[in-house]
Amino acid sequence: MERDHVRRLRGALLALTAGGLLLTGCSAQDGGMSKADRSTDERGFPAAPEYDGDSGPDEQKNGDDSREFAPEPDLLSTFALDVDTASYGYARRTLAEGRLPDPSTVRPEEFVNSFRQDYDRPDGDGFTVTVDGARTAREDWSLVRVGLATRPAEDSGERPPAALTFVVDISGSMAEPGRLDLAKDSLGVMTDRLRDDDSVALVTFSDEAERVLKPTRVGGHRDEIHDAIDSLEPTDSTNLGAGVETGYETAEDGLRKGATNRVVLVSDALANTGDTDADTILERIASERREHGITLFGVGVGSDYGDALMERLADKGDGHTVYVSGEREAHKVFSQDLPRNVDLTARDAKAQVAFDPKTVKEVRLIGYDNRQVADEDFRDDRVDGGEVGPGHTVTALYAVRTAPDADGHLATASVRWLDPRTRAPHEESGDIETGALEDSVWSTSPRFQVTATAAYFADTLRGSGDGRTTLPGRVRLGELAERADELASTTEDRDVSRLAEAIRRANRLTDRG
């Protein structure tokens, strides 16, 4: 991409005087102002209220020239960051089995975030912000991409030790090939990749939960850990609630100050006995997260998979989800991604994108339906965001309708996060002008085209019969598969080749229907 599309505007460290505000809750606070009451910035486009860390989120600092600005529709977009990819992985598995995925399981942001990006990366913790875009075939409509990137994982230096509690589903459904057998093999490989100062605990659950291995340092005990993993065998029902409760109790027992404390849940998330109420299970996770800072990493398996529950568990547990359908994906997750990214570079990260009413008439964020945050809570650090580790990128795609002959500032994107160790807040921003929009989505950089292809694919799978609006400039699946094939050749990326194959399968199933 062209470097002049991106301008790093600022990196501000804001001091909080009341440290106790940081972990008091994860829901929006009451008493927020209406959007019509907020000020504009010097350009006259929507600006988030300043939060000084001491006053309530509804108190703001207005300049003397503040004026009503809130246009209809809303041009200010705020959401918690999300690096989940499970939706795309499960869709690929479903298509490979000759079925179209249920539209309710298709989350476009997880399709988009399943692919590598070429964003600049920061030298230390935190994010860089990249904003670019291109016009579509639909008049006055463009796609605008907001890209956030953390430092490379390989440059992380001496990461803190990891305290991992594995909670493994051994219910009868996990006996299906590609479930428990895959998990055992992958956990064994991962054990060999962990450092001596890391620790591992193992909890299993079926009709009840059992602590198989107490928190154990890896150094000098690898054989013991391997024996515990090898002993896992499928049994009866799926008491997911008991597994989560025992898992978090075990993680709390093994809590290590200064370490990355994480629960890794491996399951098909099909709770059918014991406490199956999602809200009760979720509340257990939320309380442990708030009190102890334990994060959750959800690994989904199985052709029948409780996608919605696993996603909610990860969101409530300040973590993310992946879905593994085969040996290649499982080994990558357990032997590469998890050991390498047990560190965190940002906590409670949120993004806010302000579109300029002088140039923009309408805007839609693609996906992130479950990650929306009230605009006034962007700088309220009591409000929950997302947790992001090294080596990650987060991409948000917007459909933007510009005013005819629009010229000038288009949008400013900001990301705010807390330092994972000191809880100090930081911000970084970038912006884009209308003149920086490429003439066509298909003449942009290859990675932008991959982003658009993944988004168009997800949009098609979701369908338009349920009232969802489609992306502007959407192309038929056959043409989309051809473009994906070309991009796979250009990027030499096997993941893009797999995307092309998934699109072809969806096209065949659609034609057949």
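The values are calculated or read from the model by the stated rules, or taken from the named source; none is laboratory data. What you see is a predicted model; the values in this text were computed from it and never measured. Methodologically, a virtual Cβ is constructed for each residue, glycine included, from the backbone with ideal geometry; neighbour enumeration extends over all protein chains shown. Side chains are part of the model used for accessible areas, which takes the heavy atoms of the whole protein and leaves out ligands, DNA and RNA. Shrake-Rupley method; radii C 1.70, N 1.55, O 1.52, S 1.80 Å.
Side notes on the structure shown:
- Condition met for D318 (out of contact with any helix residue (DSSP H, G or I) (no Cβ under 7 Å at 6 or more places or on another chain), surrounded by 23 or more Cβ atoms within 10 Å (Cβ to Cβ) and either closer than 21 Å to D279 by Cα or modelled with pLDDT of 90 or more (or both)): no
- In the range 356-398, residue least open to solvent (accessible area, probe 1.4 Å) [restricted to those that are of a type in the set (K, R) and in a strand (DSSP E or B)]: R364
- Any hit, the range 221-228, residues being part of a helix (DSSP H, G or I), free of Cβ contacts under 8 Å to residues at least 12 places away in the same chain and either more than 28 Å from A175 (Cβ to Cβ) or among the aliphatic types (A, V, I, L, M) (or both): no
- Selection of the range 196-230 for residues being out of contact with any Asp or Glu (no Cβ under 6 Å at 6 or more places or on another chain) and open to solvent by 70 Å² or more (accessible area, probe 1.4 Å) yields D196, E208, E210, R211, K214, R217, G220, H221, D223, E224, D227, D230.
- All positions within the range 467-500 that are over 14 Å from S114 (Cβ atoms), open to solvent by 40 Å² or more (accessible area, probe 1.4 Å) and not in a loop (DSSP other than H, G, I, E, B): E479, E482, R483, D485, E486, S489, T490
- Of the criteria (1) surrounded by fewer than 22 Cβ atoms within 10 Å (Cβ to Cβ); (2) under 29 Å from I432 (Cβ atoms); (3) more than 13 Å from the chain's Cα centre (by Cα), which one V353 fails: (1)
- For A308: the one exception among (1) out of contact with any helix residue (DSSP H, G or I) (no Cβ under 6 Å at 6 or more places or on another chain); (2) in a helix (DSSP H, G or I); (3) surrounded by fewer than 22 Cβ atoms within 10 Å (Cβ to Cβ); (4) modelled with pLDDT under 80: (4)
- Comparison of T470, T490 shows that the only residue that is at pLDDT below 95, closer than 28 Å to V131 by Cβ and among the polar types (S, T, N, Q) is T470.
- Test result for L461, under 21 Å from the mean Cα position of the chain (by Cα) and more than 23 Å from K332 (Cβ to Cβ): yes
- Flag for W417 being aromatic (F, W, Y) and either in contact with a His (Cβ under 8 Å, 6 or more places away or on another chain) or modelled with pLDDT under 95 (or both): yes
- Every residue from the range 123-151 that is free of Cβ contacts under 8 Å to residues at least 60 places away in the same chain and under 19 Å from E387 (Cβ atoms): G124
- Every pair of residues 6+ apart whose Cβ atoms lie under 7 Å, when the first sits in the range 376-394 and is without any contact (Cβ under 8 Å) to a residue 24 or more places away in the chain and more than 19 Å from V146 (Cβ to Cβ) while the second is open to solvent by less than 10 Å² (accessible area, probe 1.4 Å) and charged (D, E, K, R): none
Residues checked against (1) touching a helix residue (DSSP H, G or I) at 6+ places or on another chain (Cβ under 7 Å); (2) at pLDDT below 90:
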| position | (1), (2) |
| --- | --- |
| R159 | no, yes |
| P177 | no, yes |
| S186 | yes, yes |
| R193 | yes, yes |
| D197 | no, no |
| L202 | yes, no |
| E210 | no, no |
| G220 | no, no |
| I225 | yes, no |
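- Residue within the range 408-429 that is under 26 Å from F355 (Cα atoms), surrounded by fewer than 18 Cβ atoms within 10 Å (Cβ to Cβ) and of a type outside the set (K, R) present: yes
- Verdict on A286 being in contact with a Lys or Arg (Cβ under 8 Å, 6 or more places away or on another chain), at pLDDT below 85, part of a helix (DSSP H, G or I) and small (G, A, S): yes
- Test for W442: is it closer than 25 Å to D118 by Cβ, open to solvent by less than 40 Å² (accessible area, probe 1.4 Å), among the aromatic types (F, W, Y) and modelled with pLDDT of 95 or more: no
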